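Down below is the structure, laid out as structure tokens.
None of the figures in this text is laboratory data; all of them are computed from the coordinates on show. Keep in mind that what you see is a predicted model, and the values were worked out from it rather than measured. Here the Cβ positions follow ideal geometry from the backbone for every residue, glycine too, while neighbour counts run over all protein chains shown.
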Number of protein chains: 4
Amino acid sequence: MDLRQEVRAFARTHLLDGPPDLASRTAAWHAAGLANWWLPVEHGGRGLSLREGVDVVDELAYADAGFAFSSLVGVIGSTLVDLYGDDRLRAEVLGDLGRDGGFFATAVTERDAGSELDRLQTTAVPKGDTVVVTGEKLFSTNADRARYLLVVARHEAGAADQPHVAVVVPRDADGVAVSEPWRTTGLTGSPVHRVALADCAVPTGHVLDGHGLRLLEVGLNASRVLIAATAVGMARRIRDLCLDFAGRRRLRDGVLGKHPLFADKMAQVEVEIETMRSQCRAAAADYDAVRDDPDAARRFARRGALKSALVAKVFCGQAGWRVASTGSEVFGGLGYTDEVPIGALMRDMRHVSLVEGGEDVLRDVVYRRFTAPPVRRA
Amino acid sequence: MDLRQEVRAFARTHLLDGPPDLASRTAAWHAAGLANWWLPVEHGGRGLSLREGVDVVDELAYADAGFAFSSLVGVIGSTLVDLYGDDRLRAEVLGDLGRDGGFFATAVTERDAGSELDRLQTTAVPKGDTVVVTGEKLFSTNADRARYLLVVARHEAGAADQPHVAVVVPRDADGVAVSEPWRTTGLTGSPVHRVALADCAVPTGHVLDGHGLRLLEVGLNASRVLIAATAVGMARRIRDLCLDFAGRRRLRDGVLGKHPLFADKMAQVEVEIETMRSQCRAAAADYDAVRDDPDAARRFARRGALKSALVAKVFCGQAGWRVASTGSEVFGGLGYTDEVPIGALMRDMRHVSLVEGGEDVLRDVVYRRFTAPPVRRA
Amino acid sequence: MDLRQEVRAFARTHLLDGPPDLASRTAAWHAAGLANWWLPVEHGGRGLSLREGVDVVDELAYADAGFAFSSLVGVIGSTLVDLYGDDRLRAEVLGDLGRDGGFFATAVTERDAGSELDRLQTTAVPKGDTVVVTGEKLFSTNADRARYLLVVARHEAGAADQPHVAVVVPRDADGVAVSEPWRTTGLTGSPVHRVALADCAVPTGHVLDGHGLRLLEVGLNASRVLIAATAVGMARRIRDLCLDFAGRRRLRDGVLGKHPLFADKMAQVEVEIETMRSQCRAAAADYDAVRDDPDAARRFARRGALKSALVAKVFCGQAGWRVASTGSEVFGGLGYTDEVPIGALMRDMRHVSLVEGGEDVLRDVVYRRFTAPPVRRA
Amino acid sequence: MDLRQEVRAFARTHLLDGPPDLASRTAAWHAAGLANWWLPVEHGGRGLSLREGVDVVDELAYADAGFAFSSLVGVIGSTLVDLYGDDRLRAEVLGDLGRDGGFFATAVTERDAGSELDRLQTTAVPKGDTVVVTGEKLFSTNADRARYLLVVARHEAGAADQPHVAVVVPRDADGVAVSEPWRTTGLTGSPVHRVALADCAVPTGHVLDGHGLRLLEVGLNASRVLIAATAVGMARRIRDLCLDFAGRRRLRDGVLGKHPLFADKMAQVEVEIETMRSQCRAAAADYDAVRDDPDAARRFARRGALKSALVAKVFCGQAGWRVASTGSEVFGGLGYTDEVPIGALMRDMRHVSLVEGGEDVLRDVVYRRFTAPPVRRA
């Protein structure tokens, strides 16, 4: 059984048909040996590449985008620990996650620093052999059940060119308070919380090596490609729901599924799906090419955000939204009720464009880094 | 105080700030003398034109699209009674609505006759001086609280070229059963029900004069223009929410509201709003020109669906959706939470494209009636 | 015969079938009493409103957008002379145009002041009872054959808040040199020239009363609505070419014209046409309401650009382009040859978005004047 | 020097700066060893994969899409000869092309069989050891200068399930008449002709082995991916023209190139470029995976059109058109003149959507083969 089939079988049993609570799903996912699938084998993980991760997420999101998102966001923190943590931290954190399949949440965004991360107000103050973290984070997926939080903070002892740090804060550290989950428009399977950090002291070794914002960019390369891949899975689900409905829906002398207008729409959906997938795979391959280099940590730190990953996220947000808009028309009035899940899929799809950098923000990065002269453009 | 200001004042007091239950809002709307605003003055109504109705609905939908929709759908049944009912029915039904401001629901769609109304299975069988109506209707807004239901049914004694009738069925007639409301994606202020009609006998005089499907087209001219007008109000609301947010949101050295990219998007939203409104007004003026003719009933029956009304509905569904998509990006991650109502507005906006004929269905009518040779095109 | 029929008959005889040279067409247009159709009756004109002008241009552009554009641009200069010229200038210039149907060109744009007119380098220097105009204008339609040019220039004696003037320069004044026409992408029937003004002395009475850039905005209200109306005519032409082709083109067992996919596209084209036309008419009505006021000159000067006119131009540029894109697909490979004029229509349509202010520029005005707080938005 | 650099150097010398005539360009291209770059090494070719061909075409189209198209279309005929010709034909035809770099044109489309190739009227009648071909072909690129034409014709002795054949007709065979080139909207460097075949007798060995329409699908897999790749090159050119212009164009206190609205548009163009390229590369890799199989001929014949190739063509037509539309706005009025080549690029870009199957036709194939139940969808 290949990887896609393996994940598809899981998704059918545990997501499409199983109980909806995140805890039992997460346990099953870990039992299947797939929790944090990117973790190195030496730390008990599956050691899958990002290219393979695209397929995993595509299959999960077909069944439940909320679970897919919940499962993938840990890639940020754990990748950064792997690349920029010291041996001790790596062994502790990655070993932990490899053993028990727990969550690694990311806590970056603040109310007054939406897209401008250099405005972050959370502070990390060195104190003896600890660093003390204080601040309020607006959105953090899985924070409540997580084992660790990756927190980006202003480093009070930081160099001018490196004013921020990325710190690994254990969820159960003193001073960490996690709110009830936000009520969100969609993606109900993926709880988002506010996190308050009040004088949380963590060992100095929990501070990753490098400029916090730059490291964050490195981690986001992986999560953005995987978020883009959720759009592929959701779009396939929408297509299949439409096809199933259209195969039963009588129209004139036949069924909707035989009508040229429906056929044309679905073929365009197919065009979007195929193109999204090609871009996700191309971006993942770019990422893996760096990741597989022994010098990956330095190369990533030098490059920061990868163009193809930014493009995957922007494009899949747009193409996925076109698919969702098409899909929601196919069912007519029924699509406006809870008899078909198209309304929920539409809301879930919106997520792709909104999290981890909206389109405008990402395009701004694309232009400054990869387009504006004197950049050498490809 | 002009009409728009009057409605705006009501909306502020009773919709934006008041209690959310439909019953108290409806009572206040009636107390303000605006329930069923199109009813002729002689029957206790306000006698407003469709052109004025566009402004009423625009203002209501700015505050609450659900209430706007709930308030406008009665225009179908009551207009048809006014045009195609006999004097007695007109006096009874319109007098009733004029006096107590009740709802007149429409019950047309059936599960197996979505867009193809000539497939309706509900029957109307003459029996003595009554007609007996039997069938299941899938969607009927306000049906539970309505005074009357307009039911379109296959007429068992109908001529070959006029196989359907439109019948006025009192809500409290024996045999009428109304389901719990559907759970819908949006428009929560506007309850939609299934209606079962089991051997409902109504007086023969409750059958309107003419081909049931043709009359329905006539009534839909008014409601489709008004549904289109809800998109104008919702789009204005989205624009204003965005502007308010952007005026506070810090960005670089200033606020988001000063950023050229935001400005450009909002100006495009303004372009959509202005164009939607012009089309709604033009369509309403077309309608009013026929409605004001003493021979309106015959002229409408001959013409059926008006091109400009179909266009208003299709275009506002599209333009409104573009506005909602833009709006939902402005707030970033916050727009995905319940802190701002943009998610709800997006769901409400989807409604415009889905009810009373999806885009494909309406375009099919446009092509066959107004575009395909040998039609004389304007 | 009503106005549309009158223009349609002219277009059939002289544009669709007649000789293609601009001179003979222009002469026929004048002979038909329609040259400069907006000129007041007292000056020998037809005295048509802008609302009527929309229909005139719609019909002309159906046959030839180049001729339509060539015929309409004179509305800027002659309207400004009518509103802001003194009696003598009015009598001379408008009488002239009314008598012989000549062109009134506009010469504003300069190479280094594309969309930012406050950067204009052309100067107007008072000298005795004359004003001496010097500069280079990049684009001026009809300049070579024109009787008059409306030139906007920096006024060397202007007040700080009124640094520009609008001056009427006779084409045959000493110092006026007009280049060969630009080679343009489309709109071949409408020659555009560079104009060099070298110490052109004109009487002081040729300077219009008011801020030159503000007056220009007033004049552009009329021309922008009429340019928008060319998109309506071109879109109707594209639709009709498609329908004619599709009626003959065999497809499967029938013709393309019966295919649901083609029908759906054409109906969407119809939606665009109807909506463009409604917006053009609404904007023209807004304009006429001010124009008909005895105090029009002052009211216009106070308001400058009208929102509905800006919106008409932006929207028709967008919707017209969607229609042209659709149309060019209908013919397949044949549409890429000169066997059908769709390629030319596509190029002509592009013009609507590009002249007299691109979309970005116009949206910037819309936002600053009509959207951004503390503006009172409608 | 890698392949892209090699082609780029050629393009700079011979296309951007060199003489514009096709003959001298073609000679230089052959002299550079790149004519028919896909030909096997054993026949004197370069033996490049389709994946490498995507890069070649991308670079050529950056400089001149007409030359790119002219150079790539021969891939259809020569690939089919390689896969489905006998040894003798292969040696003759491929050896010929390898030696002298000549053109291999395709002559398929007929006036009454646009997208429905089963309606082709051209006949191939067996006569002794020849086949006699007679008919009229509407469009054939390079036909006049070609060495060979690939003609698809109805086989008068064909089996019911294989009624068409693909025949290699030497350009100089008796009975071949080639018209003057069509006047086309764009792509002037790539002459398209009508071809009349009057009793052209060719040896039986010139008939390829297999169903003519199926073989054509196989050949189109390669050319469609390469046509899609022309959109990548043209889009990059448009981007660079825009950036160069914007770097010089003053705007407010700086230049257009620093304006956020311009930056956002260019970044979106970058998103389209990257996504188009990823899809072209993915489709080429799919193709190469089959092509490299010793059993390629049979595998291709069984599969016919590849989904990823169809998607590449449809998507790049759409995305390229979005880029061209954006580009043509950047230059304002200047973009409507011949001072900048954006008008020509826009017309060239249109070609991608129109040749070798319009969008509707390709989507119809996508739906029937890869989407509609009971297809197993990916």
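With θ taken as phi - 60° and the Karplus curve 6.51 cos²θ - 1.76 cosθ + 1.60 applied, the whole-hertz 3J(HN,Hα) list for segment B:47-62 is x, 7, 6, 5, 4, 6, x, 4, 5, 4, 5, 3, 5, 5, 5, 4 Hz, x standing for glycine and proline.
Evaluated on the protein assembly as shown, the Kirkwood hydrodynamic radius is 35.0 Å, with distances taken between all distinct Cα atoms. For segment C:6-15, backbone phi angles converted through the Karplus equation (6.51, -1.76, 1.60; θ = phi - 60°) give residue-by-residue couplings of 4, 5, 5, 5, 4, 4, 5, 5, 9, 9 Hz, Gly and Pro being listed as x. The distance linking segment C:187-257 with segment B:52-79 is 38 Å (Cα centroid to Cα centroid, whole angstrom).
Under 5 Å from the amide H of residue A:259 lies no amide H of any residue 5 or more positions distant or on a separate chain, with H modelled from the backbone and absent for Pro and chain starts.
Which whole number gives the average count of other chain Cβ atoms within 10 Å of the Cβ atoms across peptide B:295-304?
Details: counts 0, 0, 0, 0, 0, 0, 0, 0, 0, 0.
What the average comes to for B:295-304 is 0.
In terms of modelled amide H atoms, which long-range or inter-chain residues lie less than 5 Å from the amide H of residue D:164? Counting only residues 5 or more places away or on other chains, the set is D:155, D:212, D:213. The mean sequence distance of close C-alpha pairs (under 8 Å, at least 6 residues apart), as a share of the length of chain D, puts its relative contact order at 16 percent. Given their separation in residues at 0.36 nm each and the Cα-Cα distance between them, residue C:302 and residue C:377 gain 25.2 nm when the chain is fully extended. Backbone geometry of segment A:159-164 corresponds, through the Karplus equation with coefficients 6.51, -1.76 and 1.60 at θ = phi - 60°, to 3J(HN,Hα) couplings of 6, 4, 8, 8, x, 10 Hz, x marking Gly and Pro. Pairs with C-alpha atoms separated by more than 18 Å, drawn from the list A:265/D:307; B:258/D:258; C:265/D:313; A:258/C:258; C:313/D:258; B:265/C:307, are C:265/D:313; C:313/D:258. Per residue of peptide A:365-376, the mean number of Cβ atoms on other chains within 10 Å of the residue Cβ is 5. Out of every Cα-Cα pair that segment A:212-376 contains, those further apart than 26 angstrom amount to 38 percent. Report, in whole Å, the centroid distance computed from the Cα atoms of segment D:107-124 and segment C:302-344. So the two Cα centres are separated by 32 Å. Distances between copies at residue A:174, taken between label points 7 Å from Cα along the C-beta direction, are 7.9, 9.6, 10.5 nm in increasing order. With the Cα gyration tensor of segment A:3-100 giving a ≥ b ≥ c as the square roots of its eigenvalues, does the rule (a/c under 1.5 for rounded; else a/b larger than b/c for prolate; else oblate) give rounded, prolate or oblate? It comes out prolate by the Cα gyration axes. Sparsely packed loop sites in segment A:163-201 (the trypsin sites (Lys or Arg not before Pro) outside DSSP H, G, I, E and B with at most 15 other Cβ atoms within 10 Å) comprise A:183. In whole angstrom, chain C maps to an equivalent ellipsoid with semi-axes of 37, 22, 19, each derived as √(5λ) from the alpha carbon gyration tensor and ordered largest first. In chain B, the DSSP-assigned H stretches of four residues or longer account for a calculated mean residue ellipticity at 222 nm of -16500 deg cm²/dmol, using -39500 (n - 2.57) per stretch and the full residue count as denominator. A label point on residue B:322, set 7 Å along the Cα-to-Cβ line, lies at 0.5, 1.4, 1.5 nm from each of its counterparts in the other copies, closest listed first. Among residues of chain C, the one whose Cβ lies closest to the rotation axis carrying chain C onto chain B, together with that distance rounded to whole Å, is C:278, 2.
When only alpha carbons of segment A:109-211 are considered, Rg and Dmax amount to 13.6, 44 Å.
For residue C:139, the residues whose amide H sits under 5 Å from its own are C:108, C:109, ignoring neighbours fewer than 5 places away on the same chain, with H placed 1.01 Å from N.
In nanometers and ordered shortest first, the copy-to-copy spacing of the residue D:376 label point, defined 7 Å from Cα toward Cβ, is 4.6, 6.0, 6.8.
Relative contact order of segment D:260-378: 24 percent, from C-alpha pairs under 8 Å at least 6 residues apart in sequence.
For the peptide C:327-333, the mean number of other protein chain Cβ atoms found within 10 angstrom of a residue's Cβ is 6. Once the mean of 1/r is taken over each pair of separate Cα atoms and inverted, segment B:216-292 shows a Kirkwood hydrodynamic radius of 14.3 Å.
Can you give me the orientation-averaged projected area of the convex hull built on the Cα atoms of segment A:17-166, in nm²? The directionally averaged projection comes out at 10.0 nm². Taking only Cα atoms and a 10 Å spring cutoff, compute GNM fluctuations for chain A and point out the largest among A:205, A:219, A:18. Taking springs between Cα atoms under 10 Å, the residue moving most is A:18. Simple point charges give the picture: +1 on the Cβ of Lys and Arg, -1 on the Cβ of Asp and Glu, and for segment B:83-157 a dipole about the Cα centre of about 120 debye.
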